[in-house]
Amino acid sequence: MSAATTRSRTPDRLCAEAVDLARAAAEEAAAPGVVGEHVGLVSEGDRVVTHLFECKELGYRGWRWAVTVARASRAKIVTVDEAVLLPGPDALLAPEWVPWSERLRPGDMGPGDLLPTDAEDLRLEPGWTGEDEPPPNSAISAEMAAMAEAEDAEVTAAAPADLPAAPPRGSIAAVADELGLRRARVLSRYGLHIAADRWEEAFGPKTPMAQAAPASCVSCGFLVRIGGSLGQAFGVCANEFSPADGRVVSLAYGCGGHSEAAVMPKPPQPAPPVIDETRVDPFPLRPAADSGSVPVTEDESSAELGHS
């Protein structure tokens, strides 16, 4: 161990004794009454010592006021270098800062929020390939495009006098814009895969709803087909009573709202009445005299009750 290392670990005597000077500097930097007891000192180097004081300010539990003092070589006057508030070993600290792009989660965006996309986002790729190279079926030939590039000329479909305004140069971007393909970037293969994995996890065949479904969405009348390569495995549910209404669902997904799962049966029709025309049932116009509950002959009891 060198002599310089030994000296740096041994606190300078005059700097170590300058506790009052360090406290005055801490009280000047802090609010009144928040500088507590002296809790220790640290040797920072030759004739450089940092004094630590307890912090009593609310919300800074475990923090300490650190005042660094020093003196010049062969000098007996100690001066203050700096006074700062530093966290101690058991200090209450805020969580590590995370960039917003890593904190963002699905559903965090609200009305008016803007989500910029990184230029190197792996989920996207250019909407055309070759940048300024026309496609093989383009009306602009390779020779014409090379001439336009070399001479900085503009490729026009007619004489300049017949055009209302000079069109852009004959680039693939201009051709795409003319055809209505205004998307500068489209989904890459990686973007398609992660989207498919996300939709498969939310509304796929391994979900509890699909496991208990009577049939899959591929045979459901409420399934709306989508175009592109994703249409081979996904569609959009249009059943308002389904938990996946308006969502992209896997063709292997299913729920109890399947269009053919529970067809309502028709109500049973009552049987037509059966009329037996082979026999005749007589119906007297007047009831028989002895068919009632009152005897034909009048007695005293029936006379008192008012029966006739």
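Per the Kirkwood formula applied to alpha carbons, the range 1-110 shows a radius of gyration over Rh ratio, Rg over Rh, of 1.18. Per residue, the solvent-accessible area of the range 1-104 (1.4 Å probe, heavy atoms of protein chains only, all protein chains present) comes to 68 Å².
Annotation: Ser73 carries an accessible surface of approximately 80 Å², with a 1.4 Å probe and no ligand, DNA or RNA atoms counted. Close amide-amide hydrogen proximity is noted between Asp81 and Thr68, Val69, Ala70, each under 5 Å apart and 5 or more residues distant or on a separate chain (H modeled in the peptide plane; Pro and chain starts excluded).
Counted over all Cα-Cα pairs of the range 50-110, pairs farther apart than 20 Å make up 55 percent. Full extension of the segment from Ala215 to Asp81, taken as 0.36 nm per residue of separation minus the current Cα-Cα distance, would add 40.5 nm.
The values are calculated or read from the model by the stated rules, or taken from the named source; none is laboratory data. This structure is a prediction, so every number in the text was calculated from the model and none was measured. SASA here: full protein model, heavy atoms, side chains in, ligands and nucleic acids out. Shrake-Rupley method; radii C 1.70, N 1.55, O 1.52, S 1.80 Å.
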